[in-house]
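The values are calculated or read from the model by the stated rules, or taken from the named source; none is laboratory data. Nothing here was measured: the structure is a model prediction, and the numbers come from that model. Cβ sites come from the backbone with ideal geometry, for glycine too, and all protein chains shown count toward neighbours.
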Amino acid sequence: MKIAIVRLSAMGDIIHSAIVLQFIKNIYPEAKIDWIVEKSMSAILKDNNDIDETIEVELKKFKKTKKLSDLFEQIKIIKSLPKYDYIIDMQGLLKSALITKFMKGEVYGFDKDSIRESIASFFYKHKINMPYDANTIDRNVQVVSKSLNLGVTSTNIYEKKPFLFYKDENQIIYNYLKKDKKNIIFVIGSTWTSRNYPKEKFVEVANELKENILVIWGSEQEKIDGEYIEQNSEFATLVPRTDLNTLKALVGQCDLLIGNDTGPTHMAWAMNVPSITIFGPTPVSRVYVTDINKVIKSSSKVDPYKLNKKDFSIKEIESKDIVNMARELI
């Protein structure tokens with residue numbers, strides 16, 4: 001059996017989708033699974049033995065350059081792929097659906113009532129219904145489970161095995177880990193400013209916990225905010241920017257991760273590492289809450305169909321509430 005999964009981006013979405021690999025292999029251990037992904041995000045999937053081949057595309061390159069030659073180059077890559085028994089679009093966007101148009105095989109995806117860009121469903125031969133406001137991880141799992149008749153349940157998801165892997169990471173991260181203190185990662189940035197917990201309150205959390213706080217960053221603004229936290233807490237250290245493989249290694253070595261609703265934070269859940277995800281303008285239904293993976297949400301009500309980027313209610317969350325939750329986990 002040959003299976004192609006289309007999930008191009010973003011980091012958190014890829015992470016929340018990759019859990020399906022172990023469920024496929026549990027039922028079809030001999031299945032060949034290829035994954036089509038944006039080149040910039042492919043390292044997230046690297047070293048997962050359940051994936052036979054990672055097919056890298058660069059649609060974002062065309063979006064930036066607007067050169068037809070760049071687009072034709074990507075189409076050529078997709079057209080060169082072999083025929084699949086199952087092509088499953090887990091993304092449900094027009095761009096991912098168009099990719100399936102150039103692939104050979106039966107295409108499965110969400111129906112028009114289950115995705116934001118309903119036109120995408122036009123390209124699927126087999127359509128799966130899953131409410132758009134349902135838990136994000138459940139949606140990702142069920143579009144595959146129903147396509148392949150896997151029968152995956154919530155219990156299976158709660159009992160998952162870790163599914164992000166790394167090797168040959170940059171050894172520099174081990175200079176920042178300590179044996180005499182708990183190693184706690186702070187993920188201080190995200191794609192929207194309103195999703196970010198205030199840097200001043202991250203300082204309060206660091207100063208109360210008094211553990212080895214490692215602040216990671218991915219943009220210049222996050223670096224500036226990280227420097228602020230480092231300068232205002234003797235317990236916090238700004239870690240050098242790393243590649244995705246080394247970031248996985250760092251998360252895998254920590255005792256706790258505290259962060260905004262964003263990709264690096266979701267790595268902890270995928271690796272069965274204790275975590276606290278801080279929510280403001282996005283729905284808690286993006287994640288699974290477990291004994292070791294907790295969430296804390298502001299008082300604002302969130303409409304999953306229309307997120308409010310001007311909702312800065314995350315600022316209202318008291319640092320002491322995060323500290324108390326962290327102490328229970330460490």
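Tell me which residues, restricted to segment 121-139, are out of contact with any Pro (no Cβ under 7 Å at 6 or more places or on another chain) and in a loop (DSSP other than H, G, I, E, B). So that I can check it myself, show each step before the final result.
Within segment 121-139, the first condition is being out of contact with any Pro (no Cβ under 7 Å at 6 or more places or on another chain), and the residues that meet it are 121-131, 134-139.
Scanning segment 121-139 gives Y124, K125, N129, M130, P131, A134, N135.
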*Determine the pairs where a residue that is over 21 Å from Y174 (Cβ atoms) and among the small types (G, A, S), located within segment 221-250, has a partner that is surrounded by fewer than 20 Cβ atoms within 10 Å (Cβ to Cβ) and at pLDDT 95 or above with Cβ atoms under 9 Å apart, the partner being 6 or more residues away or on another chain.*
S233/E204; S233/N207
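Each row is one residue, and each column tells you yes or no for (1) among the basic types (K, R); (2) in contact with a Ser or Thr (Cβ under 8 Å, 6 or more places away or on another chain).
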| position | (1), (2) |
| --- | --- |
| F122 | no, no |
| K127 | yes, yes |
| Y132 | no, yes |
| V144 | no, no |
| N149 | no, no |
| Y166 | no, yes |
| Q171 | no, no |
| Y176 | no, yes |
| G189 | no, yes |
_I'd like the full set of residues that are crowded, with 16+ Cβ neighbours inside 10 Å and not aromatic (F, W, Y), limited to segment 25-35._
A31, I33, D34
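Are any of the residues in segment 210-224 under 21 Å from N272 (Cβ atoms), among the hydrophobic types (A, V, I, L, M, F, W, C) and surrounded by fewer than 17 Cβ atoms within 10 Å (Cβ to Cβ)?
No: zero hits.
Do the conditions hold for F165, that is, is it under 25 Å from D261 (Cα atoms), among the aromatic types (F, W, Y) and at pLDDT 95 or above? Steps first, answer last, please.
Values: under 25 Å from D261 (Cα atoms): yes; among the aromatic types (F, W, Y): yes; at pLDDT 95 or above: yes.
It is true that F165 is under 25 Å from D261 (Cα atoms), among the aromatic types (F, W, Y) and at pLDDT 95 or above.
Out of all the residues in segment 122-150, which are small (G, A, S), under 25 Å from V289 (Cα atoms) and touching a Phe, Trp or Tyr at 6+ places or on another chain (Cβ under 9 Å)? I'd like the intermediate steps shown before the answer.
Taking segment 122-150 first, the residues small (G, A, S) are 134, 145, 147.
Okay, now just the ones that are also under 25 Å from V289 (Cα atoms), so 134, 145.
The one that is small (G, A, S), under 25 Å from V289 (Cα atoms) and touching a Phe, Trp or Tyr at 6+ places or on another chain (Cβ under 9 Å): S145.
Here is a check on your reading of the model: is I157 surrounded by 16 or more Cβ atoms within 10 Å (Cβ to Cβ) and within 16 Å of V20 (Cα to Cα)? It would help to see each step written out before you state the result.
Numbers: surrounded by 16 or more Cβ atoms within 10 Å (Cβ to Cβ): yes; within 16 Å of V20 (Cα to Cα): yes.
Against the criterion (surrounded by 16 or more Cβ atoms within 10 Å (Cβ to Cβ) and within 16 Å of V20 (Cα to Cα)), I157 qualifies.
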*asked:* What's the total number of residues in segment 286-306 that are surrounded by fewer than 17 Cβ atoms within 10 Å (Cβ to Cβ) and touching a residue at least 60 places away in the same chain (Cβ under 8 Å)?
replied: 3
*asked:* Are there strands (runs of 3 or more DSSP E) fully within segment 13-120 with at least 1 residues that are under 19 Å from the mean Cα position of the chain (by Cα), farther than 20 Å from H266 by Cβ and not charged (D, E, K, R)? List them.
replied: 32-38, 53-57, 84-89
_Filter segment 136-156 down to the residues that are under 20 Å from the mean Cα position of the chain (by Cα), within 15 Å of A4 (Cα to Cα) and hydroxyl-bearing (S, T, Y) and list them by number._
S145
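Listed here are the residues, each with its yes/no results for (1) surrounded by fewer than 19 Cβ atoms within 10 Å (Cβ to Cβ); (2) free of Cβ contacts under 8 Å to residues at least 40 places away in the same chain.
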{"residue": "V37", "(1), (2)": "no, yes"}
{"residue": "L59", "(1), (2)": "yes, no"}
{"residue": "L71", "(1), (2)": "yes, yes"}
{"residue": "L81", "(1), (2)": "no, no"}
{"residue": "M90", "(1), (2)": "no, no"}
